[in-house]
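Comments concern the structure below.
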Amino acid sequence: MLSGQLNDIYNMLYGSFGPQGWWPGDTQFEIIIGAILTQNTNWSNVEKAIANLKSEKVLTPAKLHKLNTNKLAKLIRPAGYFNIKAKRLKNFLHWFDESYNLRPKNLEAVTTDRLRNELLSVKGIGPETADSILLYAFDRPVFVVDAYTTRIASRHHLIEDGVDYHKIQKLFESNLPADVKLFNEYHALLVRLGKDFCKPTPKCDDCPLNELPHNA
């Protein structure tokens, strides 16, 4: 039943919105940096921060690792919470250097579970960021859960209020094929729905899912 409902939701959203083209980024490393910077901000602000890094020609693992933290904070200022995010980026880069010599290719052979646990050990990287890195940068079949996913799943009675990240993730992963492209598109479609319709004050009348049960 849940599998059918999740497929119905996906098909309705895809039919309404079409492919979302996630996640933008020219390299694996750029996608990783974007995943860290997008915490608590919107993507347009992240794009400005990444553009600054590119204009300074420092958007490589080695150059960012060497870059002064204060200078890094100034460059990523458009992404908000720039001092905190600069420290998070430095934490990640320190781990990346110590464990994998700053080479994204060295991560390819690491199992998904191990890589996820290692990412979560980096101060400032939580489950959503770690899973975004796994899915979008390394094509691992991991379903990303965010505030939009939680809100939509709750309103459509897929979960109970207060259910934690891992239970929501398991709901999707247990009832959908373990397919990277599907997980990628599904997450992006839920974000689009959350931004446009399933807001804190929802726009249910115009929602693509208005024929499904919900409790706004």
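The values are calculated or read from the model by the stated rules, or taken from the named source; none is laboratory data. Bear in mind the structure is a predicted one, so any value in this text is a computation, not a measurement. Every residue, glycine as well, gets a Cβ built from its backbone with ideal geometry; the counts of neighbours run over all protein chains shown.
Report, by residue number, each residue of the stretch 178-205 that is closer than 21 Å to P19 by Cβ and either of a type in the set (G, A, S) or over 19 Å from the mean Cα position of the chain (by Cα) (or both).
A178, A188, G194, F197
If a residue has to be β-branched (V, I, T) and either over 24 Å from N42 (Cβ atoms) or touching a His at 6+ places or on another chain (Cβ under 9 Å) (or both) to count, how many in the stretch 126-169 make the cut?
Number of matching residues: 6.
Got at least one residue in the stretch 162-182 being touching a Pro at 6+ places or on another chain (Cβ under 7 Å), hydroxyl-bearing (S, T, Y) and not in a loop (DSSP other than H, G, I, E, B)?
Yes, the conditions are met somewhere in the stretch 162-182.
Please pick out the residue among E128, E56, E98 that is under 30 Å from L182 (Cα atoms) and acidic (D, E).
Every option except E128 fails the conditions.
So which of Y136, Y148 ends up being in contact (Cβ under 8 Å) with a residue 40 or more places away in the chain, on the phi < 0 side of the Ramachandran plot and surrounded by fewer than 21 Cβ atoms within 10 Å (Cβ to Cβ)?
Y148
Please work out if R192 is surrounded by 15 or more Cβ atoms within 10 Å (Cβ to Cβ), touching a residue at least 24 places away in the same chain (Cβ under 8 Å) and under 30 Å from N117 (Cα atoms).
Considered against the rule, which asks whether it is surrounded by 15 or more Cβ atoms within 10 Å (Cβ to Cβ), touching a residue at least 24 places away in the same chain (Cβ under 8 Å) and under 30 Å from N117 (Cα atoms), R192 comes out as yes.
Give me a count of the residues in the stretch 91-112 that are surrounded by 11 or more Cβ atoms within 10 Å (Cβ to Cβ) and either of a type in the set (V, I, T) or in a helix (DSSP H, G or I) (or both).
Here the count works out to 14.
Provide a single number: the residues in the stretch 51-80 that are surrounded by fewer than 16 Cβ atoms within 10 Å (Cβ to Cβ), in a loop (DSSP other than H, G, I, E, B) and either among the basic types (K, R) or in contact with a helix residue (DSSP H, G or I) (Cβ under 9 Å, 6 or more places away or on another chain) (or both).
The total comes to 3.
E160 is checked against (1) crowded, with 17+ Cβ neighbours inside 10 Å; (2) farther than 14 Å from I9 by Cβ; (3) modelled with pLDDT under 95 and fails just one. What number does that condition carry?
(1)
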